[in-house]
Every structure is written in C-alpha cells, then in structure tokens.
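Structure, as structure tokens:
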Amino acid sequence: EFKDNTLVVVFGASGDLAKKKTFPALFGLYRDNFLPKGVHIVGYARTKMDEAEFHKRATQYIKNPDNSPEITEKIEEFKKLSSYISGSYEDSDAFENLEKHLQGIESAYQGDETHRLFYLALPPSVFIPVATNVKKFNYTTKGINRIIVEKPFGRDLDSSRELLGSLKKSWTEDETFRIDHYLGKEMVKNILVLRFANIALNAAWDKNSISSVQITFKEPFGTEGRGGYFDEFGIIRDILQNHLLQVLSVLTMERPVSFASEDIRDEKVKVLRAIPPIEPSDTLLGQYVAANGKPGYLDDDTVPHNSVCPTFAATTLWIHNPRWEGVPFILKAGKALNEAKVEVRIQFKDVTQGIFKDISRNELVLRIQPSEAVYLKLNTKTPGLYTRALPTEMDLTYKRRFQDAKIPEAYEALILDALKGDHSNFVRDDELDVAWKIFTPILHWIEGKNGAAPKPVPYPYGSRGPKELDAFIGKYGFRRSQEG
Ligand code: BG6
C-alpha cells in the first residue's frame with residue numbers, strides 16, 4: 001500500500017552509498033513520478049554543511065548526460081523536496097533536534113496522516129545507536145514507520161544474531177527492510193518468471209538435466225580507497241554470503257504458493273536450510289598482485305602489509321534435497337579482474353552418446369550485468385547437405401529485444417518496494433541467520449580461528465583470476481563448450 005505524506009530520512013547522507021545510490025535512486029523515482037504525493041527527503045549526517053552544499057552533493061551522481069532541460073528542471077524540483085540537518089549519531093539532543101525539523105515539515109500536511117521511512121546508509125558501528133534513537137525520538141504515532149538497513153549485518157553467525165537481537169528491541173520484522181541490492185536487479189527479478197512461467201525450462205530445472213551451476217561476479221577494479229573497510233570483511237562477506245547466495249536461493253527455491261512476500265521468503269529459507277556449511281576443500285581463495293601498471297592489494301596503504309584477506313573466492317555449495325542432490329553450485333567473485341560481469345551459467349548434462357560424438361552441452365546463461373541478456377546454447381544442424389551439430393545461441397539480449405525499455409536501477413526498485421511495504425525482495429531475519437550458518441565455518445577457517453590461516457593464491461590485477469581456477473571448476477564436471 002502506497003502512502004502519501006511520507007518523510008524519507010537518509011542517515012549517512014554525506015557518505016558514498018547515499019551519494020552514489022540512495023539519492024540518485026530517490027531522484028529516479030521522483031523523475032518518473034513514482035514517489036508518493038507529499039514526499040519530503042531529509043538528509044542527516046555528522047558533517048556540517050549548508051543546504052546548498054548538501055544539494056550539490058546529493059545530486060552530483062544524478063545522470064543528465066545531454067543536459068536535458070527537462071531533467072535539469074526535475075533536479076531543481078527534487079532539491080526543493082529535500083533538506084539537510086547535521087548531528088551526531090549518539091546524542092539524544094541531536095535526535096530531538098531532528099524531530100523538530102521533521103515536525104516542521106509535517107506541519108504543512110495540516111494534521112493529515114504522515115509516514116516515515118528511515119534509511120540507514122551507515123557503517124555498522126553506529127547502526128544500533130541510530131536505530132534505537134530513531135525509535136525513541138522520531139517514531140511517528142500518526143502513521144507507518146519503516147526502517148531500511150544495509151549490509152554488513154554482522155561478521156558471522158554470533159555477531160549477526162547479536163545485531164538482529166539489538167535491532168529487534170526497537171523495530172519489528174514487519175517494519176524492517178534489509179537491503180540486498182542484487183534482489184532489486186532486473187535480471188534477478190526475472191528468474192522467478194523464467195522458471196515458473198515457462199514449462200520448457202521448468203521441466204529441465206533439476207539434477208536430472210543440470211550438471212552444474214556457476215554464479216559469477218567479476219569487477220575490473222581493486223579495493224582502491226576502500227582497502228581499510230574491505231580488509232575487515234573480505235570478498236566472501238562482501239559478495240558471496242549476500243549477493244550471490246540470494247541469487248542462488250531464487251534460482252533453486254521451490255515454486256512459492258503465491259507471489260506474496262512471505263510465501264516467497266518461506267521457500268528461499270527452506271532451500272537455504274538444505275545447504276550444509278561450506279568445506280575448505282570446496283574453496284579456492286585468491287588475492288590480486290600488482291600487474292599491468294596497477295597496484296596489488298597489499299600495495300594499498302590502508303591494508304596491513306601481511307594481510308591474507310581474499311579478494312577472490314570460488315566456492316561450491318551443495319543442496320541436499322530431492323531436486324538438487326549432487327549438483328554443484330559454484331559461487332565465484334573477484335576484484336581486480338579482466339572485466340565487469342555478473343552472470344549465472346547453468347550447464348546441462350550430456351545427451352545420450354550414440355548418434356553424436358563430442359557434442360557441446362546446452363547452457364543457459366542469465367547475464368545480470370552489464371547488458372542484461374538470457375541466452376541458451378543450443379546445438380543446431382549446420383545448414384547444408386550434410387548433418388553436423390553446431391553449437392549456436394538463442395539470444396535474448398534486452399537492448400535488442402526491448403529497445404525502448406528503461407531498466408530500473410536496483411535501488412529504485414527496492415526503495416519503491418519499501419515505500420509500498422512489500423518485503424518480497426528484502427532479506428528476512430531467519431534467511432540472514434541461515435546464510436550465516438552456511439558461511440561462518442569457512443570464514444572462521446580463513447581467519448585462522450582453528451589453526452593457521454590459509455594463504456590466498458596470487459593472481460595478477462586485470463587477469464581472469466587465479467590460474468588454479470580452471471582446474472577448480474573442472475573438478476565439478478564443468479566442460480568448456482566449443483564456441484559456435
Ligand atoms: C556492494 C559491495 O555490496 O556491491 C561492493 O560492497 C561491490 O564491493 C558492489 O562493488 C557491487 O554492486 P553492483 O551493483 O555494482 O554490482
């Protein structure tokens with residue numbers, strides 16, 4: 001349900017996430033008339049700055065490449081809808097002050113019902129004090145209150161439970177929206193449709209037809225400037241435990257009874273519970289080193305010189321249920337690789353040998369980014385007077401098929417969902433818990449909690465990853481197809 005008169009308060013308003021994602025997404029929704037009537041955006045952070053400076057920062061990542069007058073005008077309107085207030089994250093005075101500011105804005109609504117959406121784009125250290133203070137000082141009694149929180153949600157199972165427990169003292173599960181922005185990506189949202197609206201795919205979606213599944217995240221840049229943060233978390237907490245595991249759960253869950261958010265989340269939790277903790281023997285860790293004129297991970301001043309933090313990880317998960325028993329799910333992610341790409345690659349089994357020899361396997365690829373696409377590698381008879389099976393592609397590239405479609409940003413989709421109170425694409429408490437159960441033992445092993453910490457293998461900046469990767473994937477039966 002969509003509510004008019006909503007105040008959106010963005011904590012951490014001068015931080016990177018807010019500037020790069022939250023404000024541009026709020027603007028995108030405003031531009032396309034998706035924000036409720038009577039919306040007002042309040043930025044809050046410790047940094048002291050005047051409103052003009054805030055407006056400049058909040059709009060600096062909004063794209064208007066052709067300087068279109070229409071967009072320029074919308075940006076000006078958007079500025080008028082937003083204000084800024086600075087204050088600490090811990091003092092009650094600061095939150096009382098914020099409350100005065102909010103009530104000042106609300107006085108224009110003349111007693112109508114008003115609602116509040118609090119967006120915490122904050123580092124974990126201030127997360128609980130802010131959530132607690134907001135509940136105490138800024139919780140409106142006149143309407144609905146919601147809170148959006150960002151990862152990291154803890155470092156392992158125990159710390160995550162502690163965080164959940166503290167948050168639950170002030171906010172109910174129904175009021176809480178835990179963002180994993182991969183769930184807002186168009187191609188990830190497409191997975192349910194591809195699976196459950198197509199009998200041809202649905203019929204082949206199990207261990208009888210599928211040989212392996214790879215979910216891959218590649219970034220062409222290192223941790224430049226973010227080394228300090230990254231070193232505390234590592235690639236597994238940064239990407240695998242959340243983004244890639246979420247994609248995995250949507251790919252493998254059973255069909256939900258309905259599209260209702262709890263029906264979807266029930267099925268996701270169920271499939272995740274069938275995954276045992278990851279084994280060290282199913283894991284390959286890497287760390288990038290200087291190459292091609294680019295610095296290595298350890299060359300970053302903010303990183304300890306002897307850090308064994310992985311910047312690359314490949315790890316295989318197994319799902320013990322009747323649909324997936326024996327199918328390897330390989331999650332891999334790395335920084336400072338040769339390209340930017342996120343994709344799901346489902347490799348099917350061999351056809352019965354006999355008529356054809358050395359035939360390529362079918363593969364279904366969902367390219368999440370860049371350039372969304374779904375393509376199926378299919379063997380086709382070469383045109384002509386003899387019969388030979390040639391690997392070809394059935395290709396649904398969005399740019400070609402949906403030429404005029406505008407693909408929403410993940411954050412636009414998710415903020416809109418939170419404004420409507422739709423939890424489908426947010427992470428539920430029990431889902432987070434089971435995600436940590438899967439990853440905590442391997443993380444503790446990597447951090448040397450039960451012995452010597454394993455050393456990641458080096459890979460050059462700008463490469464495909466560690467040279468051990470092909471053998472690692474090969475171990476799970478993946479076969480590189482001949483290109484058609
Ligand atoms: C974030 C990670 O969650 O996702 C970053 O902390 C990463 O390290 C980012 O760069 C990737 O998001 P996207 O949408 O650019 O694929």
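The values are calculated or read from the model by the stated rules, or taken from the named source; none is laboratory data. Because the structure is a prediction, the values reported are computed rather than measured. Here Cβ is always computed from backbone atoms with ideal geometry, including for glycine, and neighbour counts include all displayed protein chains. Remember, those area values only see protein heavy atoms, side chains included, never the ligands or the DNA or RNA. Shrake-Rupley method; radii C 1.70, N 1.55, O 1.52, S 1.80 Å.
Quick one: plug the Kirkwood hydrodynamic radius of segment 323-390 (C-alpha pairs) into Stokes-Einstein at 37 °C, 0.692 mPa s, and report D in µm²/s. Reported coefficient: 220 µm²/s. Across segment 238-397, the relative contact order, built from alpha-carbon pairs under 8 Å that are at least six residues apart, equals 13 percent. Using alpha carbons only, the radius of gyration of segment 237-302 set against its Kirkwood radius gives Rg/Rh = 1.21. How large is log10 of I(q)/I(0) for segment 222-344 at q = 0.10, 0.11, 0.18 Å⁻¹ when the intensity is taken from the Debye formula with one equal scatterer per alpha-carbon? Evaluating at q = 0.10, 0.11, 0.18 Å⁻¹ gives log10 I(q)/I(0) of -0.40, -0.47, -0.96.
How big is the Cα convex hull of segment 290-435 in projection, averaged over all directions, in nm²?
Working: hull surface 65.8 nm².
Quarter of the Cα hull surface area: 16.4 nm².
The Cα center of segment 145-201 and the Cα center of segment 256-270 differ in position by 13 Å.
Given the Cα atoms of segment 149-204, and with Rh set as the inverse mean 1/r over their pairs in the Kirkwood sense, what is Rg to Rh to two decimals? Each step should come with its number before you reach the end.
On the way: Rg = 16.7 Å, Rh = 13.9 Å.
The Rg/Rh ratio comes out at 1.19.
Over all distinct Cα pairs, what is the inverse of the mean 1/r for segment 87-205, reported as the Kirkwood hydrodynamic radius in Å? It would help to have the intermediate numbers written out before the result.
Numbers: mean 1/r = 0.0592 Å⁻¹.
Value: 16.9 Å, from the Cα pair sum.
Computed with every protein chain present, the accessible area of E224 is close to 90 Å² [probe 1.4 Å]. Step through the residues of segment 121-130 one at a time and calculate ³J(HN,Hα) from phi using the Karplus curve (6.51 cos²θ - 1.76 cosθ + 1.60, θ = phi - 60°), rounding each to whole Hz and writing x for Gly and Pro. Going residue by residue, I get 9, 10, x, x, 5, 10, 4, 6, x, 5 Hz, with x marking Gly and Pro. If you sort the three axes of the alpha carbon gyration tensor as a ≥ b ≥ c, you get a/c of 1.5 or more for segment 131-175 and a/b above b/c, which makes it prolate. In order along segment 395-403, the phi-based Karplus estimate (6.51 cos²θ - 1.76 cosθ + 1.60, θ = phi - 60°) of 3J(HN,Hα) comes to 10, 10, 8, 4, 4, 7, 7, 10, 4 Hz; Gly and Pro are listed as x.
What number, in percent, do you get for the relative contact order of segment 164-310 if the mean sequence gap of Cα pairs under 8 Å and at least 6 apart is divided by its residue count?
Working: 94 pairs, mean separation 35.1, N = 147.
Reported relative contact order: 24 percent.
Note on segment 389-484: Kirkwood hydrodynamic radius from all Cα pairs is 19.3 Å, rounded to one decimal.
Taking amide H as placed 1.01 Å from N in the peptide plane, V457 has its amide H under 5 Å from the amide H of L285, G286, Q287, each at least 5 places away in sequence or on another chain.
Between the C-alpha center of segment 55-76 and that of segment 441-484 there is a gap of 43 Å. Averaging Cα coordinates gives a centre for segment 79-143 and one for segment 29-53; these two points are 13 Å apart. Close amide-amide hydrogen proximity is noted between Q369 and V342, each under 5 Å apart and 5 or more residues distant or on a separate chain (H modeled in the peptide plane; Pro and chain starts excluded). For the set Y119, Y139, solvent exposure ranked by accessible area (probe 1.4 Å, protein chains only) runs largest to smallest as Y139, Y119.
Accessible area per residue of segment 283-403 at 1.4 Å probe, in Å²?
Working: 6080 Å² over 121 residues.
On a per-residue basis, 50 Å².
Express the carbon and sulfur contribution to the solvent-accessible surface of the chain as a percent, rounded to the nearest whole number, probe 1.4 angstrom.
Numbers: 11580 of 22060 Å².
Carbon with sulfur: 52 percent of the solvent-accessible area.
Here segment 378-444 is described by how far its Cα atoms reach on the three principal axes: 61, 41, 17 Å, from widest to narrowest. Taking amide H as placed 1.01 Å from N in the peptide plane, the amide H of S83 sits under 5 Å from that of I41, V42, G43, each at least 5 places away or on another chain.
Partner lysines whose Cα lies under 16 Å from the Cα of K349, excluding those fewer than 8 positions away in the same chain, are identified as K207, K357, K377, K475.
What number, in percent, do you get for the relative contact order of the chain if the mean sequence gap of Cα pairs under 8 Å and at least 6 apart is divided by its residue count? Let's see the in-between values first.
Working: 871 pairs, mean separation 84.8, N = 484.
18 percent.
Pull out a ≥ b ≥ c, the square roots of the eigenvalues of the alpha-carbon gyration tensor of segment 184-249, then state rounded if a/c is under 1.5, prolate if not and a/b is larger than b/c, and oblate in the remaining case. Verdict is prolate for segment 184-249.
The helix-based estimate of mean residue ellipticity at 222 nm for the chain, built from -39,500 (n - 2.57) per DSSP H run of four or more residues and divided by its residue count, is -9500 deg cm²/dmol to the nearest 500.
Are there GluC sites (Glu not before Pro) in segment 50-111 that DSSP puts in a loop and that have at most 16 other Cβ atoms within 10 Å, and which ones? Provide the component values of the computation, followed by the final result.
Working: sites: E51, E53, E70, E73, E76, E77, E90, E96, E99, E106; in loops: E90.
Of the GluC sites (Glu not before Pro), the ones in loops of segment 50-111 whose Cβ has at most 16 other Cβ atoms within 10 Å are E90.
Expressed as a fraction of 2.2 N^0.38 Å, the value expected for a compact globular protein of N residues, the C-alpha radius of gyration of the chain is 1.04. Coupling constants for segment 76-85 follow from the phi torsions by the Karplus curve (6.51 cos²θ - 1.76 cosθ + 1.60, θ = phi - 60°), and in residue order they are 4, 4, 4, 4, 5, 7, 10, 9, 10, 8 Hz; glycine and proline get x. Rounded, prolate or oblate, given the Cα gyration tensor of segment 1-135, with a/c below 1.5 counting as rounded? Oblate, since a/c reaches 1.5 and b/c is not below a/b.
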